[in-house]
Amino acid sequence: MIDLHSHSVFSDGEFTPNELLKKAEQLKLDYFSITDHNNCFAYEDIENTIFSGKLIKGVELVTSFEKHIIEVLGYGVEIQKINEWSKQNAKKELEYAKSIYDILFMIFEKEGIFYTKQNNVKDKIPSQDPTGWIKQYIYEDLLKYDKNQEIIGKEILSTYSAFNKKGLNNPNSILFIHEYTRFPTLQEVVELIHNSNGLCFLAHLYQYNANNHIEFLNKIVKGVKLDGIETYHSSFSREQIEEINEYADKLNLYKCGGSDYHGKLKPGINLGLDLQISNELIKPWISKIKI
């Protein structure tokens, strides 16, 4: 059984890399990957004796395509190259996190959204995943006020993931902040993964704000050289899983899958994925990367 999509404290996950490895060991996973957002720092903090299965070095890079924010999973990447790229972007990321705070609170004032005024919040933003930290901080603060459910929408505030995808990154939401402008293009990210000797897979297709996901996927596949697609994900319905697997088969694209486990940030999602993904899924490509 495999789980090739999880997050540690080095992005927006609850657990340390070693704690994740212990969980993977308890589940007796054969293949496992920690795919933190925009960095591979987890792999500099790992005890190799914890997990007896195969650990695939992975990353989830956030990018933009036609004004959409999408994510690409990289497997078998050289962690030093990814981390050097991550460090180069760290200062810019911190400044962006501070700007998000200002932009959102201007929106809150305009729309009559309730929030807690604290003058020193921007001084508390950590250098590690600053944008994720400030967005999560703001999301949790909005939940304190019941009236925000009516103003913003219950669906948008239902989960942190919905707050991001259906709120901040949705042009039809009052919380839309044009966040796609801060990210590198899809082409740049695919090249980064390939130059790091990794394989790149489009992550969780059905989470994107597209009217027709297959048409959107067709544009992506025509625009860049993807190696594969994430065909199993905790948010997919069985119909979606069947559709995306058929698509990958038709275009001879590799497949991957995982839970997208974060811990408490995404309650109800279990490591290992309830679908129990077979090792056979990655058999066509696992020998092509360095483990």
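Tabulated results
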item	result
Residues located in segment 114-129, provided they are in contact with a Lys or Arg (Cβ under 8 Å, 6 or more places away or on another chain) and either of a type outside the set (S, T, N, Q) or surrounded by 15 or more Cβ atoms within 10 Å (Cβ to Cβ) (or both)	114, 122, 125
Scan of segment 98-138 for residues that are of a type in the set (Ser, Thr, Tyr) and closer than 14 Å to residue 179 by Cβ, ordered by number	99, 101, 131
Residue that is surrounded by the most Cβ atoms within 10 Å (Cβ to Cβ) [pool: residues in segment 56-66 that are β-branched (Val, Ile, Thr) and either in a strand (DSSP E or B) or not assigned by TED's automatic domain parsing to the domain that holds residue 201 (or both)]	59
Given (1) under 30 Å from residue 116 (Cα atoms); (2) part of a loop (DSSP other than H, G, I, E, B); (3) not small (Gly, Ala, Ser), index of the condition residue 149 fails	(2)
Any hit, segment 217-229, residues being among the basic types (Lys, Arg) and under 15 Å from residue 63 (Cβ atoms)	yes
Filter pass, residue 82 being at pLDDT 95 or above and assigned to a helix (DSSP H, G or I)	yes
Selection from segment 34-71 of residues that are touching a His at 6+ places or on another chain (Cβ under 7 Å) and among the hydroxyl-bearing types (Ser, Thr, Tyr)	35
Unmet requirement for residue 35, which otherwise passes all of (1) part of a loop (DSSP other than H, G, I, E, B); (2) closer than 25 Å to residue 283 by Cβ; (3) free of Cβ contacts under 8 Å to residues at least 60 places away in the same chain; (4) of a type in the set (Ser, Thr, Tyr)	(3)
Total residues in segment 137-190, condition touching a residue at least 40 places away in the same chain (Cβ under 8 Å) and of a type in the set (Gly, Ala, Ser)	1
Some residue of segment 75-95 being crowded, with 19+ Cβ neighbours inside 10 Å and within 23 Å of residue 207 (Cα to Cα)	yes
Test: residue in segment 40-55 that is of a type outside the set (A, V, I, L, M, F, W, C) and surrounded by 24 or more Cβ atoms within 10 Å (Cβ to Cβ)	no
Residue under evaluation residue 255, criteria (1) under 19 Å from residue 54 (Cα atoms); (2) part of a helix (DSSP H, G or I), criterion not met	(2)
Output for segment 172-198, where each listed residue is crowded, with 21+ Cβ neighbours inside 10 Å and under 12 Å from residue 76 (Cα atoms)	193, 196, 198
Candidate set from segment 217-253 (those that are within 20 Å of residue 165 (Cβ to Cβ) and among the aromatic types (Phe, Trp, Tyr)); member that is surrounded by the fewest Cβ atoms within 10 Å (Cβ to Cβ)	236
Count of segment 254-285 residues which are surrounded by fewer than 19 Cβ atoms within 10 Å (Cβ to Cβ), among the hydrophobic types (A, V, I, L, M, F, W, C) and at pLDDT 95 or above	1
Any hit, segment 32-52, residues being of a type in the set (A, V, I, L, M) and in contact with a Gly (Cβ under 8 Å, 6 or more places away or on another chain)	yes
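One line per residue, one yes/no per condition, for (1) part of a helix (DSSP H, G or I); (2) not assigned by TED's automatic domain parsing to the domain that holds residue 277:
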{"residue": "170", "(1), (2)": "no, yes"}
{"residue": "173", "(1), (2)": "no, yes"}
{"residue": "177", "(1), (2)": "no, yes"}
{"residue": "192", "(1), (2)": "yes, no"}
{"residue": "229", "(1), (2)": "no, no"}
{"residue": "239", "(1), (2)": "yes, no"}
{"residue": "246", "(1), (2)": "yes, no"}
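The values are calculated or read from the model by the stated rules, or taken from the named source; none is laboratory data. Since the model is a prediction, treat every value here as computed from it, not as a measurement. Quick reminder, even Gly has a Cβ in these numbers, built from the backbone with ideal geometry, and neighbours come from all protein chains shown.
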